[in-house]
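**Student:** Just passing along the structure, written as structure tokens.
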2 protein chains.
Amino acid sequence: MGDNITPPVSKLAAATINDAASSSLVLKHPFSDRVPIQSIVSRPDGGAGLAGQRVRVGGWVKTGREQGKGAFAFLEVNDGSCPANLQVIVDAAVADLGTLVYTGTCVSVEGVLKLPPDGTKQKIELRVEQVLHVGPTDPVKYPIPKTKLTLEFLRDHIHLRPRTNTIAAIARIRNALAFATHSFFQEHGFLYIHTPIITTSDCEGAGEMFQVTTLISESEKLEKELRENPPPSEADIEAAKLAVKEKGEVVALLKSAKASKEEVSASVAEYNKAKENLSRVEERSKLKLGLAQKDGKADYALDFFARQAFLTVSGQLQVETYACAVSSVYTFGPTFRAEHSHTSRHLAEFWMVEPEIAFADLKDDMNCAEAYVKYMCQWLLDKCLDDMELMAKLYDRSCIDRLRMVASTLFERISYTEAVQLLEEAVRKGKRFENKVEWGIDLASEHERYLTEDIFKRPVIVYNYPKGIKAFYMRLNDDSKTVAAMDILVPKVGELIGGSQREERLDFIKQRIGEMGLPIEPYEWYLDLRRFGTVKHCGFGLGFERMILFATGIDNIRDVIPFPRYPGRADL
Amino acid sequence: MGDNITPPVSKLAAATINDAASSSLVLKHPFSDRVPIQSIVSRPDGGAGLAGQRVRVGGWVKTGREQGKGAFAFLEVNDGSCPANLQVIVDAAVADLGTLVYTGTCVSVEGVLKLPPDGTKQKIELRVEQVLHVGPTDPVKYPIPKTKLTLEFLRDHIHLRPRTNTIAAIARIRNALAFATHSFFQEHGFLYIHTPIITTSDCEGAGEMFQVTTLISESEKLEKELRENPPPSEADIEAAKLAVKEKGEVVALLKSAKASKEEVSASVAEYNKAKENLSRVEERSKLKLGLAQKDGKADYALDFFARQAFLTVSGQLQVETYACAVSSVYTFGPTFRAEHSHTSRHLAEFWMVEPEIAFADLKDDMNCAEAYVKYMCQWLLDKCLDDMELMAKLYDRSCIDRLRMVASTLFERISYTEAVQLLEEAVRKGKRFENKVEWGIDLASEHERYLTEDIFKRPVIVYNYPKGIKAFYMRLNDDSKTVAAMDILVPKVGELIGGSQREERLDFIKQRIGEMGLPIEPYEWYLDLRRFGTVKHCGFGLGFERMILFATGIDNIRDVIPFPRYPGRADL
């Protein structure tokens, strides 16, 4: 930020609540009068160096207990800024301790940081002098008590589950990975492009898309309107017709009787009014209940976008329009699948990261994907180690080692053909798979995990897949059998990334569209990118929730997104 | 990044295409063999210091011309990394110049950077020694020729418009503002939370939401199925019933005839098969064309989420669940309105930034919003000045001054009551507004712009609005007439931000919901945040496209989002 232009707002805001005269080391939140607990307990000295400081903190009581026969209370307070709590001690003289000690109570307190007695776990504690606010909790009714709760149970209390250690830690890890994503691509000169959520390109030709429409609500609105104000009957229409006829006769009569100009124009006005009324009545009589239809199908010409619209399944095709203009781009946004999958690995709404690079081939694509995954792993080790330690303690003892391994190990790169040979060799040596291993068939999850977890014990990039199992836009290799596709397989989750070099040759891509039985017309805009100034380019997609599963070791994808959507459920 | 753990992938990737022995100053793209043009022409010396360097660049020809009777060609090449082009000179001996010179042609070339003759505009130019790739363009068919095109025209060629200077510059500005947004909130300790896109909370109680459904596609699937495989007729059902009766009689007959066990069980099996067939036939006969209905309304129990679902209009209510657990959070995602607005200020799909801060009041909210807007303005001045200069030249001469003014000027803060008094005073002095000025009525856009553009000539924060014109969740002030709401008004666009302190008191918010005639049940989860550990908190929303309009001076919101969606249009 320029020195001479920016006003020192953030610096001013960072002043402490101590008066300016007293020296202070701990900074208050820029837009709140509290000090984030992280800035006390996450210091290398655990906060000990801040003893004697006066601070104001706010947070929620994790556990509380009265001691000394009700003379004082110990509260473990957490404000979400880090996994650690601050120990807060309140005297009975300062506040009614009974309302403070329940799990889930919100407190805002001011006091002085003190060194605790020797032999206690904490390095610092807060002696409260003033309780500024209490948001009480009825322990009988609070749905998220102190006892250990399953992640499954928490899914039924989605609005309160961020108050638990696990979901809060996942939120911090998710936040870190999102910012790592932006930082990585920005550092490397990529532009963030917002691809559309609502799309009219049904590009996978699949029925698994959600439809976006106003047709149903329009028909419900109409139904309500017609209920309150019934449509005209045949008799109403006849009456309106009669009125037109009569008013017309009056006009004719007055004209032939050479009536005054005023009289004639008044009668003409009445006649016109009757005609307008008739057309209104006739229009209303045509209104029909139910979805607007044409030729027995929903009439999308009447839908909001004047055609059928869907929620996007990928921003790739659209972001290619920017790659073929400004070279290095990425998307990071929500994508959707209307699949009735009830597994722990599928969501109806999930986030994807999709970079796209011009003047780059499959090798560049692999280099970019490998560097990006390593960058995210290192970022978590650098910035979220305390949260990762919580994950290691509660869910997956190996998760930190896994991050270290991935951040520091070259990814293995093998062709699909080599991968199949290795798997066939394993089968010959006695390994049993549920799914068949054979050149030309897609690798199953068990195969992918065997390659990365058992054979190589590190991330594996498999490239050059048979064209029959891959999308039309992937570049045909010179062998005419395989395409320049690549998948990155990692321990714990299997496929983390799928990408390819895109077919930039107009003739080839047209032929592939034809071979796959797809219509050409919806892709004309996509073909234009090849018709005019075509360029070698490539890209990949990373399922963001998969990355969080990989990092944390959490098993169910519904627990790593704040508001999971799946068949039958879309709470809030 | 930790030194000992991260492999130097990014450093390796940053090597130049020169051999390691030769010293070099210009870095190639990390995941492409080209050098971004920005790293040549955007140096303070305009690239002059790189003379003698061998580089490979790629990009699209903006303008090209043959010279010296076809002996060589001048190409202005742009790769999207910056608004400036690189001048590229190709000899007729090196390539067929005829295919290179057309606007929109893609080229990848290698050569040596040279100082141009004195008196030319460029500080550096590239003498090509090898043309590596040409993506040709037929100038007769290319829809985006060199001539000046209107933004309106470009909206009909949405897949090619990023190749224009204006749309590419807007993409870089939009990218910069998005990363500035993340940087600002991350620097200040906020967690990025992904609020849901599909929601079942119809929280504004409004009909202007898009519906997300699989009901229509399910009914269309069924229709297709019934067309291919017509439903059973009455006769089919009777036949199936008859078969059951007959098979039953056979069983009875065999039993009474004491037939062998094998014979009896074979007949029972046939009988059961007939019964199964009957129930299948009866089931199919009940299938009805059209939307699944119950009691004359769409049967949402059969929809994907087992209830009616919509596209979100705001993530605020949902993100409050995280603010009331981890304190400082923000969302940045797409939001939707199914309004039939054909104005230059409305989109059906647009992006919003919505921070939410616990332990903070309206003043903190204003401080945060002001600091955020200033930060974005300064970011553009620091990182996008070349693109801003293009905007100033082509669209709004004052846009850079406006950024400087906003970044450096304290925002005026006045109450709604004061604002109304000022406007009434202006009316008394002869100012005419189309809309009435009166305490209790919302300010119209003309009033907002008069306050910020004419009276104060700087951004204005108006706070404490009458409760009757604001949402139920805004905190009631002690006067019982106003709520702790605030809007930020800026020159050029009027309202840029709307925010409020949230009502954290259970009794008050319940009463407000009742007063506004809203049902309480859908808000029970929201009320739980007040029931259990309630906390003072506040937040605001910034319309991201409005911010881009404000920054660039572009008039139509459809030009500042890559893929605009509005009534009747959702291209790609």
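The values are calculated or read from the model by the stated rules, or taken from the named source; none is laboratory data. On a predicted model such as this, the values are computed, not experimentally measured, just so you know. Here the Cβ is made from the backbone with ideal geometry for all residues, glycine too, and neighbour counts use every protein chain on show.
**Student:** Can we say A:Ala239 is part of a helix (DSSP H, G or I) and more than 30 Å from B:Asp303 (Cα to Cα)?
**Tutor:** Yes: the conditions hold for A:Ala239.
**Student:** Report yes if some residue within the range B:275-289 is over 30 Å from B:Gly248 (Cβ atoms) and either in contact (Cβ under 8 Å) with a residue 24 or more places away in the chain or among the aliphatic types (A, V, I, L, M) (or both); otherwise report no.
**Tutor:** Within the range B:275-289, one or more residues are over 30 Å from B:Gly248 (Cβ atoms) and either in contact (Cβ under 8 Å) with a residue 24 or more places away in the chain or among the aliphatic types (A, V, I, L, M) (or both).
**Student:** Considering only residues that are closer than 18 Å to A:Asp387 by Cα and assigned to a loop (DSSP other than H, G, I, E, B), which ones fall in the range A:26-44?
**Tutor:** Passing the criteria: A:Pro36, A:Ile37, A:Ser42, A:Arg43, A:Pro44.
**Student:** Can you work out which of the residues in the range B:427-468 that are of a type in the set (Val, Ile, Thr) and assigned to a loop (DSSP other than H, G, I, E, B) is surrounded by the fewest Cβ atoms within 10 Å (Cβ to Cβ)?
**Tutor:** Of everything passing the filter in the range B:427-468, B:Ile441 is surrounded by the fewest Cβ atoms within 10 Å (Cβ to Cβ).
**Student:** Every residue in the range A:133-144 that is touching a strand residue (DSSP E or B) at 6+ places or on another chain (Cβ under 9 Å) and surrounded by fewer than 16 Cβ atoms within 10 Å (Cβ to Cβ), please.
**Tutor:** Listed by number, the list holds a single entry, A:His133.
**Student:** Name the one entry in B:Thr200, B:Thr213, B:Thr195 that is in contact (Cβ under 8 Å) with a residue 60 or more places away in the chain and in contact with an Asp or Glu (Cβ under 6 Å, 6 or more places away or on another chain).
**Tutor:** Going through B:Thr200, B:Thr213, B:Thr195 in turn, the sole match is B:Thr213.
**Student:** In the range B:382-420, which residues are closer than 22 Å to B:Phe456 by Cβ, within 14 Å of another protein chain (Cβ to nearest Cβ) and in a helix (DSSP H, G or I)?
**Tutor:** Once the filter is applied, which keeps residues that are closer than 22 Å to B:Phe456 by Cβ, within 14 Å of another protein chain (Cβ to nearest Cβ) and in a helix (DSSP H, G or I), the range B:382-420 yields B:Ile400, B:Asp401, B:Arg402, B:Leu403, B:Arg404, B:Met405, B:Val406, B:Ala407, B:Ser408.
**Student:** Looking only at the range A:505-519, count every residue that is touching a strand residue (DSSP E or B) at 6+ places or on another chain (Cβ under 9 Å) and not in a helix (DSSP H, G or I) and tell me the total.
**Tutor:** Qualifying residue count for the region: 1.
**Student:** Which residues, taken from the range B:520-569, are in contact (Cβ under 8 Å) with a residue 12 or more places away in the chain, within 13 Å of chain A (Cβ to nearest Cβ) and in a loop (DSSP other than H, G, I, E, B)?
**Tutor:** Residues satisfying the conditions are B:Gly533, B:Thr534, B:Val535, B:Lys536, B:Val560, B:Ile561, B:Pro562, B:Phe563, B:Pro564, B:Arg565, B:Pro567.
**Student:** Can you pull out the residues in the range A:404-424 that are under 30 Å from A:Ala180 (Cβ atoms) and of a type in the set (D, E, K, R)?
**Tutor:** Selection gives A:Arg404, A:Glu412, A:Arg413.
**Student:** For the range B:110-144, name all the residues that are basic (Lys, Arg) and either free of Cβ contacts under 8 Å to residues at least 24 places away in the same chain or in contact with a Cys (Cβ under 7 Å, 6 or more places away or on another chain) (or both).
**Tutor:** B:Lys121, B:Lys141
**Student:** Could I ask something else about it? With respect to the numbered conditions (1) more than 26 Å from the chain's Cα centre (by Cα); (2) outside the structural domain of A:Arg54 (by the TED database); (3) not aliphatic (A, V, I, L, M), which one is the sole condition not fulfilled by A:Pro162?
**Tutor:** The number of the failed condition is (1).
**Student:** Here is a further query. Hey, any hits in the range B:204-215 for a residue that's within 17 Å of A:Thr213 (Cβ to Cβ), in a helix (DSSP H, G or I) and within 14 Å of another protein chain (Cβ to nearest Cβ)?
**Tutor:** Taking every residue of the range B:204-215 in turn, at least one turns out to be within 17 Å of A:Thr213 (Cβ to Cβ), in a helix (DSSP H, G or I) and within 14 Å of another protein chain (Cβ to nearest Cβ).
**Student:** With respect to the numbered conditions (1) assigned to a loop (DSSP other than H, G, I, E, B); (2) assigned by the TED database to the domain that holds A:Ile40, which one is the sole condition not fulfilled by A:Val134?
**Tutor:** (1)
**Student:** Residues of the range B:306-327 being assigned to a loop (DSSP other than H, G, I, E, B), buried (at least 24 other Cβ atoms within 10 Å of the Cβ) and over 21 Å from the mean Cα position of the chain (by Cα), which ones?
**Tutor:** Correct list: B:Ser327 only.
**Student:** Going by the structure shown, is A:Leu254 under 60 Å from the mean Cα position of the chain (by Cα), in a helix (DSSP H, G or I), surrounded by 15 or more Cβ atoms within 10 Å (Cβ to Cβ) and touching a residue at least 12 places away in the same chain (Cβ under 8 Å)?
**Tutor:** No, not satisfied.
**Student:** Right, another one. So A:Glu370 fits all but one of (1) farther than 26 Å from B:Thr164 by Cβ; (2) more than 9 Å from every other protein chain (Cβ to nearest Cβ); (3) of a type in the set (D, E, K, R); what number is the exception?
**Tutor:** Of the numbered conditions (1) farther than 26 Å from B:Thr164 by Cβ; (2) more than 9 Å from every other protein chain (Cβ to nearest Cβ); (3) of a type in the set (D, E, K, R), the odd one out for A:Glu370 is (2).
The rows are residues; the columns are (1) of a type in the set (Phe, Trp, Tyr); (2) closer than 30 Å to A:Tyr271 by Cβ.
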{"position": "A:Phe179", "(1), (2)": "yes, no"}
{"position": "A:His182", "(1), (2)": "no, no"}
{"position": "A:Phe190", "(1), (2)": "yes, no"}
{"position": "A:Met209", "(1), (2)": "no, no"}
{"position": "A:Glu218", "(1), (2)": "no, no"}
{"position": "A:Arg227", "(1), (2)": "no, no"}
{"position": "A:Leu242", "(1), (2)": "no, yes"}
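**Student:** Only one of these conditions is not met by B:Gly70: (1) facing another protein chain (nearest Cβ under 9 Å); (2) touching a helix residue (DSSP H, G or I) at 6+ places or on another chain (Cβ under 7 Å). Which number is it?
**Tutor:** Exception for B:Gly70: condition (1).
**Student:** Taking the range B:145-163, which residues are touching a residue at least 12 places away in the same chain (Cβ under 8 Å), surrounded by fewer than 19 Cβ atoms within 10 Å (Cβ to Cβ) and either within 14 Å of chain A (Cβ to nearest Cβ) or closer than 17 Å to B:Asn85 by Cβ (or both)?
**Tutor:** If the condition is that a residue be touching a residue at least 12 places away in the same chain (Cβ under 8 Å), surrounded by fewer than 19 Cβ atoms within 10 Å (Cβ to Cβ) and either within 14 Å of chain A (Cβ to nearest Cβ) or closer than 17 Å to B:Asn85 by Cβ (or both), then B:Pro145, B:Lys146, B:Arg155, B:His157 are the ones that fit.
**Student:** Among the residues in the range A:257-274, are any without any contact (Cβ under 8 Å) to a residue 60 or more places away in the chain and under 30 Å from B:His340 (Cα atoms)?
**Tutor:** For the range A:257-274, residues without any contact (Cβ under 8 Å) to a residue 60 or more places away in the chain and under 30 Å from B:His340 (Cα atoms): present.
**Student:** Another question, then. How many of the residues in the range A:512-534 are surrounded by fewer than 24 Cβ atoms within 10 Å (Cβ to Cβ), in contact with a helix residue (DSSP H, G or I) (Cβ under 7 Å, 6 or more places away or on another chain) and among the hydrophobic types (A, V, I, L, M, F, W, C)?
**Tutor:** 3
**Student:** To continue, here is another question. Conditions first: (1) surrounded by fewer than 24 Cβ atoms within 10 Å (Cβ to Cβ); (2) more than 9 Å from every other protein chain (Cβ to nearest Cβ); (3) at pLDDT 95 or above. B:Arg280 passes all but one, so which condition is the exception?
**Tutor:** For B:Arg280, the exception is condition (3).
**Student:** Which count do you get for residues in the range A:123-142 that are among the basic types (Lys, Arg) and at pLDDT 95 or above?
**Tutor:** Summing the residues that are among the basic types (Lys, Arg) and at pLDDT 95 or above in the range A:123-142 gives 2.
**Student:** With the requirement that a residue be more than 32 Å from the chain's Cα centre (by Cα) and in contact (Cβ under 8 Å) with a residue 12 or more places away in the chain, what does the range B:481-511 give you?
**Tutor:** Within the range B:481-511, B:Lys481, B:Thr482, B:Arg505, B:Leu506, B:Phe508, B:Lys510 qualify.
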